[in-house]
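J.: Here it is, the structure in full.
Every number here is computed from the coordinates shown, using simple stated rules; none is lab data. Keep in mind that this is a model prediction, so the values were computed, not measured. Cβ coordinates were reconstructed from backbone atoms using ideal geometry, including for glycine residues, and neighbour counts include every protein chain displayed.
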Amino acid sequence: MPAVTLYNEHRTIDADAGVNLRELMLRVGVSPYRGLDMVLNCRGHNICGTCAVELVDGKGAGPRTQEEESTLRGSLAIAHEVGKNLRLSCQTKVMGDMTVKTRPSRPVDREATKERLLFVGIAVLFGIAFLGTFGFLFLDMIKKF
C-alpha cells in the first residue's frame, strides 16, 4: 500500500495503488486548490491547471502526458514556467510512495505571455474590424445609415 506524504500539511496517508491523487487529497480533507480555485476549477478534467502540485519525491507516479504538459503551461493569455516536478493532481495516479507539496509557486513565463497577449490583441482587433464591417453592411442593407 503506497504512502503519500503531504509535505505542507505534515501528514502521511496510506493509499490504494492506482488511486487518483486529487481524489485522495479531497477525500482526506486536503485541497490542492488555493483561493477561488476551490470553486472555479474543472473538477479533475485536465482543463484548468489549478490543481497543480509539486512531487518532491515522485517515483511513485507515472510520467506526465502531453495533455498534462499543455495544461500546465497555462491558459490563453498567461503562460507559466513548468518545473520538472510539477504535476496536475487530477492526472496523477498513486502507484508508489511519494511526497507532495500542495499549492507550489508557479512563476509566469514573461516571454511566452507577451507572445500570447500579442496574439490575443491581434485577434481582438480583427474581431472588432469584422464586427464593424458587418454592422456597416447590415445598416447599409436596411438603409438606416
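J.: Please work out which residue is surrounded by the most Cβ atoms within 10 Å (Cβ to Cβ), limiting yourself to segment 43-100 and to residues that are under 26 Å from Val120 (Cβ atoms) and acidic (Asp, Glu).
T.: Glu68
J.: Next question, about the same structure. Within segment 87-104, track down each residue that is within 13 Å of the chain's Cα centre (by Cα) and under 14 Å from Tyr33 (Cα atoms).
T.: Answer for segment 87-104, where residues must be within 13 Å of the chain's Cα centre (by Cα) and under 14 Å from Tyr33 (Cα atoms): Arg87, Leu88, Ser89, Cys90, Arg103, Pro104.
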